[in-house]
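Chemist: Can you read through this structure? Questions will come right after.
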């Protein structure tokens with residue numbers, strides 16, 4: 001199908017300008033040049049590196065590989081060899097839609113210039129959210145976004161014995177593993193009632209219990225924690241909480257979430273969505289003709305509830321970048337939305353989810369019914385057997401499945417990936433119960449945990465109906 005799409009697009013002499021790179025921007029640039037070889041494709045990015053795997057940074061910090069350059073997907077030379085012009089360390093400071101121009105600042109020389117576009121893609125991404133904490137400027141306090149961030153954190157980690165992590169989400173837990181594997185004692189501070197807040201509290205509590213039971217001698221987790229001050233003169237020595245409790249540390253990483261970079265778009269008159277990210281249609285087009293947006297700066301549509309949400313994920317950014325390129329180059333393509341599918345690990349526990357959580361589903365008006373099963377992920381006599389705890393949510397009225405979460409030492413993500421396919425098509429509990437899944441002792445139990453959960457849900461719904 002890819003080959004057919006390319007062959008249908010005519011070579012058109014136009015100028016495509018892309019603001020931002022990494023995932024959505026880099027994908028859009030490469031795809032646009034393949035679709036329209038005669039087009040002028042230009043990328044402007046504030047960063048030094050243009051296309052890299054930000055998701056791999058915690059694993060570099062941990063020491064899974066020593067060379068940070070392995071995270072680079074494509075170099076500037078790779079893009080230029082394909083005829084794509086790259087201006088790194090250049091910041092676009094203004095968009096002028098009426099003239100179809102942008103103002104650019106060279107961050108090295110200070111030079112400013114104006115250049116034109118025919119099609120414009122905003123892929124400015126997201127930046128770490130920095131809470132309002134006193135003494136933020138002290139050395140030894142980090143955020144994780146770029147390769148340089150990863151290198152700096154790893155170097156500090158290798159000379160430290162204690163660390164504090166602010167935030168118990170995906171990146172927080174990945175860094176928790178990285179620091180622990182390198183011999184540090186760590187305190188993880190979470191402002192919410194539980195870590196991994198995208199999971200339901202009953203599942204999140206199981207994650208906390210696993211960490212503390214197995215690694216409680218090295219890790220302390222404090223929830224409902226509000227940090228008010230970083231302590232130290234030139235370099236951080238401690239973190240002070242609102243209750244006056246002080247935690248000694250030699251380094252701190254802020255993992256309190258991210259916010260979409262939308263100031264450039266907003267100032268140009270581009271509409272923002274309910275979430276505060278840039279609003280686009282299914283073809284990644286903003287409210288201004290010939291200006292598109294994609295990636296972590298863009299609001300998404302949840303395919304289950306058909307409501308706008310902002311869930312920044314690298315996999316989504318790549319798909320959106322490709323969709324934007326197709327539409328900028330004259331081929332109609334639609335990005336239908338997201339489910340929020342995600343996965344991470346802490347040591348031998350996998351944590352994966354898709355769709356709506358109970359809290360979000362209830363806030364949208366669904367009457368939520370759920371089932372939880374704990375089961376081996378394959379035949380008990382197999383050497384690599386693990387366990388999965390699987391939770392599935394459904395709507396009591398329509399019987400449609402709303403979401404699922406799975407954790408455990410077994411193939412938790414396998415069950416979530418399977419279910420995410422059904423969620424796109426509005427699968428019901430009854431349809432999941434009838435699913436014909438593969439079985440062999442090395443891969444599953446004879447009745448897969450998904451089917452077990454579906455049977456429990458089916459019985460619950462039957463009782464409610466009758």
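Chemist: If each residue of separation counts as 0.36 nm, what is the full-extension length gain between residue 229 and residue 201 once their alpha-carbon separation is subtracted?
Modeler: Working: separation 28, 0.36 × 28 = 10.08 nm, distance 2.81 nm.
Here the segment from residue 229 to residue 201 would lengthen by 7.3 nm.
Chemist: Sorted from largest to smallest, which semi-axis lengths in Å does the alpha carbon gyration tensor of region 22-81 give for its equivalent ellipsoid, taking the root of 5 times each eigenvalue?
Modeler: On the way: eigenvalues 142, 20, 19 Å².
Each semi-axis is √(5λ); the values are 27, 10, 10 Å.
Chemist: Write down the radius of gyration of region 1-156 and its Dmax, each obtained from C-alpha positions, in Å.
Modeler: 17.9, 58
Chemist: I've got another one for you. Quantify how much of the Cα-Cα distance distribution of region 141-256 extends past 22 Å, in percent.
Modeler: Here the tail beyond 22 Å accounts for 29 percent of pairs.
Chemist: Ok, one more. Could you compute Rg(Cα) / (2.2 N^0.38 Å) for region 350-465, with N its residue count?
Modeler: Values: Rg = 13.7 Å, N = 116, 2.2 N^0.38 = 13.4 Å.
Working it through for region 350-465, the quotient is 1.03.
Chemist: Taking only the alpha carbons of region 401-466, what extent do you get along each of the three principal axes, in Å, biggest first?
Modeler: Result, largest extent first: 39, 24, 21 Å.
Chemist: Separate question: Calculate the FRET efficiency for residue 209 and residue 283 from the Cβ-Cβ distance with a Förster distance of 56 Å, rounded to the nearest 0.05.
Modeler: 0.80
Chemist: Tell me, what is the FRET efficiency for residue 290 and residue 241 to the nearest 0.05, using R0 = 41 angstrom and their Cβ-Cβ distance as r?
Modeler: 0.25
Chemist: Further, regarding this structure: Just the number, please: Stokes-Einstein D of region 284-425 in µm²/s, Kirkwood Rh from C-alpha pairs, 20 °C, 1.002 mPa s. Present the calculation step by step, with values, prior to reporting the outcome.
Modeler: Values: Rh = 16.8 Å.
Rounded, D is 128 µm²/s.
Chemist: Here's something else I'd like to know. Please label the shape of region 357-423 as rounded, prolate or oblate, based on the square roots a ≥ b ≥ c of the eigenvalues of the alpha-carbon gyration tensor (a/c under 1.5 means rounded; beyond that, a/b larger than b/c means prolate, else oblate).
Modeler: Judged from the Cα gyration tensor, region 357-423 comes out prolate (a/c at least 1.5, a/b above b/c).
Chemist: Work out how much length residue 151 to residue 99 would gain on full extension: take 0.36 nm times their residue separation and subtract the Cα-Cα distance, in nm to one decimal.
Modeler: On the way: separation 52, 0.36 × 52 = 18.72 nm, distance 4.14 nm.
Gain on extension, residue 151 to residue 99, equals 14.6 nm.
Chemist: Tell me the relative contact order for the chain as a rounded percent, counting alpha carbon contacts under 8 Å between residues six or more apart. Present the calculation step by step, with values, prior to reporting the outcome.
Modeler: Numbers: 1049 pairs, mean separation 59.5, N = 466.
Relative contact order of the chain: 13 percent.
Chemist: Multiplying the sequence separation of residue 421 and residue 274 by 0.36 nm and subtracting their Cα-Cα distance, what value in nm do you get?
Modeler: Using 0.36 nm per residue and subtracting the Cα-Cα distance, I get 50.2 nm.
Chemist: While we're here: Over the Cα atoms of region 240-356, what radius of gyration and what Dmax do you get, in Å?
Modeler: 18.0, 60
Chemist: Between residue 332 and residue 130, what is the spin-label point distance in nm, taking each point 7 Å from the Cα along the Cα→C-beta axis?
Modeler: Here the answer is 4.6 nm between the modelled labels.
Chemist: How many angstrom lie between the C-alpha centres of region 215-265 and region 389-428?
Modeler: Using only Cα atoms, the two centres lie 34 Å from each other.
Chemist: Another one. Could you give me D for region 224-273, from Stokes-Einstein at 4 °C and 1.567 mPa s, where the hydrodynamic radius is the Kirkwood radius over C-alpha pairs? Units µm² s⁻¹, please.
Modeler: Approximately 94 µm²/s, per Stokes-Einstein.
Chemist: How big, in percent, is the set of alpha carbon pairs in region 81-229 lying more than 27 Å apart?
Modeler: 44
Chemist: Sticking with this structure for a sec: Over the Cα atoms of region 110-171, each weighted equally, I'd like the Debye log10 I(q)/I(0) at q = 0.13, 0.17, 0.20 Å⁻¹, rounded to two decimals.
Modeler: For the requested q values the scattering log ratios are -0.58, -0.81, -0.97.
Chemist: In bins 20 Å wide, starting from 0, what share of all Cα pairs of the chain does each bin hold, as a percent?
Modeler: Bins of 20 Å from zero give 22, 51, 26, 1 percent of pairs.
Every number in this text was worked out from the coordinates using simple rules, so none of it is lab data. Predicted model only: the values in this text are computed from it and were never measured. Don't worry about glycine lacking a Cβ; one is built from the backbone with ideal geometry, like all the others, and counts go over all protein chains shown.
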